[in-house]
Amino acid sequence: MAPMTVAELQEALRSKSLSAAETMKETLACIARHELTVHAFVEVYDQEATHAAEICDAARATGGGLGPLAGIPIAIKDNMVDEGHTASGGSRMLQKYRSVYTATAVERLRAAGAIIVGRTNMDEFAMGSSTENSAFGVTRNPWDTERVPGGSSGGSAAAVAAGMVPAALGSDTGGSIRQPAALTGIVGLKPTYGRVSRHGLMAMASSLDQIGTLTRTAEDAALLLSIISGADPKDATTLAGDAFTWSSRSSLEGLTVGVPQEFFAEGMDADVEARVREAIAAFEKMGATVREVSLPASSHALAAYYVIVPAEVSSNMARYDGIRYGERVRAADLHATYAATRGALFGPEVRRRILVGTYALSAGYYDAYYRRAQQVRTLVRSDFDSAFGQVDLLLTPTSPTVAWPLGEKFSDPLTMYLSDVYTVSVNIAGLPAVSVPCGLAHGLPVGLQLIGPALSEGTLLAAAGLYQDNHPMGTTEPHVFG
Amino acid sequence: MKLSSEELDHLAKLARLDVPVAEREMLQEQIGAIIGYVASLQQIDVTGVDPTFRGVELGQRLREDKPEVSDAETRAALLQAAPEKSGDYVKAQAALQHKEKGVAGRV
């Protein structure tokens, strides 16, 4: 039997055909069954989650006012702080760090009744595309445990794909929700920049980071977004305005869909392209008008991204100096202690990005690299602006390939970076996008990416939801169930 | 284009980051390759294009200049996180050298 979605669990819990305690027992049993092979979690809160489920049932029995997610188990990525719990960001630097406050998104989930069951594995401080850069071991893809789940939210994706939890939070700076969702056959939503508060999210590249969801359906993504989104006085970049609303649709009549030709360039796996082309044809069948569009600057987006990100990383990582929190490696004097602590406790990808960012921001190179990358960012944004003058949403592949074997790209950072080629421009432009499963290539899941103008999550998820209803992925069960 | 040994030392110094000797060669290669790749930005015509520095342009937003009330518990938790403490203080190391007896060394 396929694992239940958030919406199905909601219904079962409301109608009391299932108790929160039973749900949690099944969740924890499923985690226990698959965790040794998949390693999606850094920590599971067995006792706390069991206790919270009992409290939820007691409240329901007395007719207490329960939130919309009452009793629903949800996992969070290890880069969101949660008071009283460890939050390590996948890094040795914060191996023993205990949060002193709670991230707004996590707080909102709990206020809605959700039960946080644990924190999921990730690339160190969200830097990576395979979840191999974690200080706490690699996460494996439930479809083939010799392959990566994608990253950096690979633990959250694997936990949902393996049926351990119906939903998880992730963060997406250049594809870190959408790409692992694509590689594990689930739905990954990266909301508009500013839609969800970043308060309590460990900053990687602050102008690009955004919290989002990993779920099995578009409907579940909408359910969670309606809870975690909204202005937050603790994050000055959150957008004010109307709350997120969503309604499903029965046809795509009246919707114009653009296919950016630059996203079908060389380097894409032929079977992946075939699945994406079939999905585009399916959108046409559902009533959408399909037309080709051009986003010329998008071919430079990846280069701009790998300047902007390291530059912001080099600033954001400065806080990890071994003084106020984390571990300390003591050396002769203060400056030597900074360097020794950071050198010993950051992993190789973090160190690489700090050094590249330092280069891009250093005297003499600033104009040629950092400033120029920000000018290219403007070009990328204007391309999207003109495309959205003609179409309502864009359809592209999420990743040029299916999940690759563990270790294959690990020692070659540039090749790893190229796996983000279809996702980074969305972050550079601050737009929302969702990856939805569109079939299998080489026996592994392929993701279709829907990109929309700012605050168009409702349209994106309604279109993705209708596509999912009409085109269930076929053999959607990962091997881990076999 | 491999990064020179001197360039790596300069970056590591600016970044306050020790680079293990065994990784130097590899880092010079990898960082050189990454910088070589992003150097393709030089070929794009950006004449008259304004840079975009932020994720979203919302103007300056300031909260009221009012201290937030904190409690002893939060303070204790914050102190707890520090790797070295001295009483109610986070313990660092001297930022100035004590080579000679002088003002810098006095408390």
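The values are calculated or read from the model by the stated rules, or taken from the named source; none is laboratory data. Predicted model only: the values in this text are computed from it and were never measured. Reconstructed Cβ throughout: ideal geometry from the backbone, glycine too, with neighbour counts over all protein chains shown.
Values for this structure:
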{"item": "Filtered residue count, the stretch A:140-169, keeping only those that are in contact with a Lys or Arg (Cβ under 6 Å, 6 or more places away or on another chain) and assigned to a loop (DSSP other than H, G, I, E, B)", "result": "1"}
{"item": "Matching residues in the stretch B:79-107 - criterion: being of a type in the set (A, V, I, L, M, F, W, C), modelled with pLDDT under 90 and surrounded by 12 or more Cβ atoms within 10 Å (Cβ to Cβ)", "result": "B:104"}
{"item": "Where residue A:340 falls short, out of the listed (1) more than 7 Å from chain B (Cβ to nearest Cβ); (2) over 30 Å from residue A:424 (Cβ atoms); (3) aliphatic (A, V, I, L, M)", "result": "(1)"}
{"item": "Hits in the stretch A:121-141 (condition: within 15 Å of residue A:94 (Cα to Cα) and of a type in the set (S, T, N, Q))", "result": "A:121, A:133, A:134"}
{"item": "Pairs where the first residue, in the stretch A:324-337, is on the phi > 0 side of the Ramachandran plot and the second is buried (at least 17 other Cβ atoms within 10 Å of the Cβ) and not in a loop (DSSP other than H, G, I, E, B), C-beta under 6 Å, 6+ apart", "result": "A:326/A:93; A:326/A:94"}
{"item": "In the stretch A:110-131, the residues that are buried (at least 24 other Cβ atoms within 10 Å of the Cβ) and on the phi < 0 side of the Ramachandran plot", "result": "A:114, A:115, A:117, A:119, A:120, A:121, A:122, A:123, A:124, A:127, A:129, A:130"}
{"item": "Selected residue [more than 28 Å from residue A:440 (Cα to Cα), surrounded by fewer than 22 Cβ atoms within 10 Å (Cβ to Cβ), of a type in the set (A, V, I, L, M) and away from chain B (no Cβ under 14 Å)] from A:265, A:236, A:270, A:243", "result": "A:243"}
{"item": "Helices (runs of 4 or more DSSP H) wholly inside the stretch A:340-431 that include at least 2 residues being within 23 Å of the chain's Cα centre (by Cα), crowded, with 21+ Cβ neighbours inside 10 Å and among the β-branched types (Val, Ile, Thr)", "result": "A:348-361, A:424-428"}
{"item": "Residue ID - farthest from residue B:84 (Cα to Cα), chosen from residues in the stretch A:309-325 that are at the interface with chain B (Cβ under 7 Å from one of its Cβ atoms) and surrounded by 20 or more Cβ atoms within 10 Å (Cβ to Cβ)", "result": "A:314"}
{"item": "Single unsatisfied condition, residue A:335 versus (1) more than 10 Å from every other protein chain (Cβ to nearest Cβ); (2) surrounded by fewer than 16 Cβ atoms within 10 Å (Cβ to Cβ); (3) part of a helix (DSSP H, G or I)", "result": "(1)"}
{"item": "Residue pairs meeting the criteria (Cβ under 7 Å; at least 6 apart or on separate chains; first within 14 Å of chain B (Cβ to nearest Cβ) and within 16 Å of residue A:223 (Cβ to Cβ), in the stretch A:100-117; second of a type in the set (A, V, I, L, M) and in a helix (DSSP H, G or I))", "result": "none"}
{"item": "Count of residues meeting criterion [at pLDDT below 95 and in contact with a Lys or Arg (Cβ under 8 Å, 6 or more places away or on another chain)] in the stretch A:374-409", "result": "0"}
{"item": "Residue A:151 vs. criteria crowded, with 24+ Cβ neighbours inside 10 Å, without any contact (Cβ under 8 Å) to a residue 40 or more places away in the chain and under 20 Å from residue A:416 (Cα atoms)", "result": "yes"}
{"item": "Residue in the stretch A:72-90 that is of a type in the set (Ser, Thr, Tyr), crowded, with 17+ Cβ neighbours inside 10 Å and closer than 24 Å to residue A:205 by Cβ present", "result": "yes"}
{"item": "Residue within the stretch A:159-176 that is in contact with a Phe, Trp or Tyr (Cβ under 6 Å, 6 or more places away or on another chain), under 14 Å from residue A:126 (Cα atoms), in contact (Cβ under 8 Å) with a residue 12 or more places away in the chain and small (Gly, Ala, Ser) present", "result": "yes"}
{"item": "Search result, residues across the stretch A:51-82 that are part of a loop (DSSP other than H, G, I, E, B) and among the aliphatic types (A, V, I, L, M)", "result": "A:66, A:69, A:70, A:72, A:81"}
{"item": "Residues being more than 13 Å from chain B (Cβ to nearest Cβ) and out of contact with any Phe, Trp or Tyr (no Cβ under 8 Å at 6 or more places or on another chain) - total across the stretch A:420-434", "result": "3"}
{"item": "Residue satisfying all of: in the stretch A:9-49; surrounded by 18 or more Cβ atoms within 10 Å (Cβ to Cβ) and of a type in the set (S, T, N, Q); farthest from residue A:219 (Cα to Cα) among these", "result": "A:19"}
{"item": "Some residue of the stretch A:445-466 being touching a strand residue (DSSP E or B) at 6+ places or on another chain (Cβ under 9 Å), more than 14 Å from chain B (Cβ to nearest Cβ) and more than 21 Å from residue A:260 (Cα to Cα)", "result": "yes"}
{"item": "Residues of the stretch A:78-99 classified as within 20 Å of residue A:132 (Cβ to Cβ), within 11 Å of chain B (Cβ to nearest Cβ) and among the hydroxyl-bearing types (Ser, Thr, Tyr), total", "result": "0"}
{"item": "Top-ranked residue in the stretch A:360-375 [being hydroxyl-bearing (Ser, Thr, Tyr) and either in contact (Cβ under 8 Å) with a residue 40 or more places away in the chain or touching a Ser or Thr at 6+ places or on another chain (Cβ under 7 Å) (or both); ranked as nearest to residue A:126 (Cα to Cα)]", "result": "A:370"}
{"item": "Considering residues of the stretch A:437-482 that are at pLDDT 95 or above and of a type in the set (Ser, Thr, Tyr) only, the residue farthest from residue A:278 (Cα to Cα)", "result": "A:456"}
{"item": "Exclusive hit being over 16 Å from the mean Cα position of the chain (by Cα) and assigned to a strand (DSSP E or B), set A:48, A:43, A:107", "result": "A:43"}
{"item": "Tabulated pairs, the stretch A:261-277, first among the small types (Gly, Ala, Ser), second buried (at least 18 other Cβ atoms within 10 Å of the Cβ), C-beta under 7 angstrom, 6+ apart or interchain", "result": "A:267/A:400"}
